[in-house]
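Everything below concerns the one structure shown next.
Derivation of every value follows stated rules applied to the coordinates shown; laboratory data play no part. It should be emphasised that the depicted structure is a prediction, and the values quoted were computed from it without experimental measurement. Here the Cβ positions follow ideal geometry from the backbone for every residue, glycine too, while neighbour counts run over all protein chains shown.
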Amino acid sequence: MADAPPPLPFDTGFSANTGSPVRVLEGVVRMTAANAGLYTFMGTNSFIIGGERVAVLDPGPDDAEHRAALLATIAGRPVEAIILTHTHKDHSAGVNALRKATGAPLWFAGPHRLSRPAHLFEVNALARDCDWGLMPDRAFFDGEGFVAGGVPLTAIATPGHCANHMSYGLDETGWLLTGDHIMGWNSTLVAVPDGSMADYLASLRKVIDLPYARYAPAHGGPITDGPTYARALLAHRELRNQQVIEAVAAGARTVDELLTRIYPTLPGKLRLAAALTLRAHIEYLAAQGAIGARRTLVGLRLSPV
Ligand SMILES: [Zn+2]
């Protein structure tokens, strides 16, 4: 077996100040929603961007208190746009009520879609967490520059966590709003077919090469050396790939056997997320020809190549 991955520089001591505005940098205020949980850490971070006019990034869950806190901080300033990093409901469920309250248009990459067509009888474990019906008033393309709240931004496609995920560069400041692509407290969930490991690894490499030094994620606190952090995430995933190859070579034939070998001490409640991420690694490695993976009636059957 490969060694355990080196510890990642996760910040789990983040103090969210839930429900109160927190200045992240000039012209960007964070407001964390009260939806703390296993996958959301301290809750979803919404961002209010701008000065005399503003834009709201990721309104978060459909929660009246969170909305009231956002509106109190906006304090009657015109809202030019509601922007989404992606269409998982912990980011987007609050869109419609905020649209009603502000009259603002909705901008994001395009309706929720799978990262690849589903196989026959395949279940998207995240299906209920996706906002399938939400349509943008303006759909961004990768690399598109725009102005919101008087602030110049660039939309950067970062698929992987899900297919329509975008990060947003605050071009005059060197900050990148990373959504769930890169989070402050943990590596992101990649669950096929909603997400894709190949896309996720490519999107990590992509942001490492962009001129953004600091990241503000949708869950957890700011990341001060973004590219170094992203490189650590990439190394962690590459090591996990290696562990899967070695575990299969050593006899693991099912996802359950892989879980037991790679995460021997994982608490039960985290096993589902780990199994989902392992499936994403398996699919990636099988597509590369690094392992064999056959879909059978009782689940994936793995083999060395
Ligand atoms: Zn998400």
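Compute the angle between helix 197-208 and the longest alpha-carbon principal axis of the chain, please, reported from 0 to 90 degrees and rounded to the nearest 10.
The two axes meet at around 50 degrees.
Give me the net charge of LEU106's neighbourhood, meaning all other residues with Cβ under 10 Å from the Cβ of LEU106; Lys, Arg count +1, Asp, Glu -1. Walk me through the numbers on the way to the answer.
Values: positive: ARG99, ARG138; negative: ASP137.
Around LEU106, the surrounding residues sum to +1.
So what's the gap between the Cα centers of the stretch 90-118 and the stretch 144-189, to the nearest angstrom?
Rounded to whole Å, the Cα centres lie 15 Å apart.
Angle check, please: helix 64-74 long axis (alpha carbons) against the longest principal axis of the chain (alpha carbons), in degrees 0 to 90, nearest 10.
Helix 64-74 sits roughly 50 degrees off the main axis of the chain.
Given charges of +1 on the Cβ of Lys and Arg and -1 on the Cβ of Asp and Glu, with all other atoms neutral, how large is the dipole of the chain about its Cα centre, in debye to the nearest 20? Before the final figure, lay out each step's value.
Values: 26 positive and 28 negative charges, 127 e Å.
That gives a dipole near 600 debye.
Going by the alpha-carbon gyration tensor, a ≥ b ≥ c the square roots of its eigenvalues, is the stretch 84-167 rounded (a/c under 1.5) or, if a/c is not under 1.5, prolate (a/b greater than b/c) versus oblate? Show your work: numbers first, answer last.
Numbers: a/c = 2.74, a/b = 1.47, b/c = 1.86.
Oblate.
Taking the alpha-carbon centroid of each part, what is the distance from the stretch 252-270 to the stretch 41-68 in angstrom?
37
Report for the chain the percent antiparallel among DSSP-assigned beta bridges with both residues inside it, nearest 5.
Working: 32 of 44 bridges.
The antiparallel fraction comes to roughly 75 percent.
Can you tally the net charge around GLY184? Count Lys and Arg as +1, Asp and Glu as -1, for every other residue whose Cβ sits under 13 Å from the Cβ of GLY184.
Numbers: positive: ARG30, ARG214; negative: ASP11, ASP180, ASP225.
Once all neighbours under 13 Å are counted, the net charge is -1.
Name the longest site-free stretch of the chain, where the excluded sites are chymotrypsin sites (Phe, Trp or Tyr not before Pro) in a DSSP loop with no more than 12 other beta-carbon atoms within 10 Å.
Longest stretch, sites excluded: 142-305.
Can you give the angle from 0 to 90° between the axis of helix 268-287 and the longest principal axis of the chain, with both taken from C-alpha atoms, to the nearest 10?
Once rounded, one gets 70 degrees.
Using a ≥ b ≥ c from the Cα gyration tensor of the stretch 48-92 (square roots of the eigenvalues), is it rounded, prolate or oblate, where a/c under 1.5 gives rounded and otherwise the larger of a/b and b/c decides, a/b for prolate? Mind dumping the intermediate values first?
Working: a/c = 3.19, a/b = 1.36, b/c = 2.34.
It comes out oblate by the Cα gyration axes.
Kindly identify the chain as rounded, prolate or oblate by the Cα gyration tensor criterion: order the square roots of the eigenvalues as a ≥ b ≥ c, call it rounded if a/c is under 1.5, otherwise compare a/b with b/c, prolate if a/b is larger, else oblate.
Values: a/c = 2.01, a/b = 1.81, b/c = 1.11.
Note, shape of the chain comes out prolate.
How high is the relative contact order of the stretch 165-231, in percent, counting Cα pairs under 8 Å that sit 6 or more residues apart?
Working: 104 pairs, mean separation 24.0, N = 67.
Averaging sequence separation for qualifying contacts and normalising by length gives 36 percent for the stretch 165-231.
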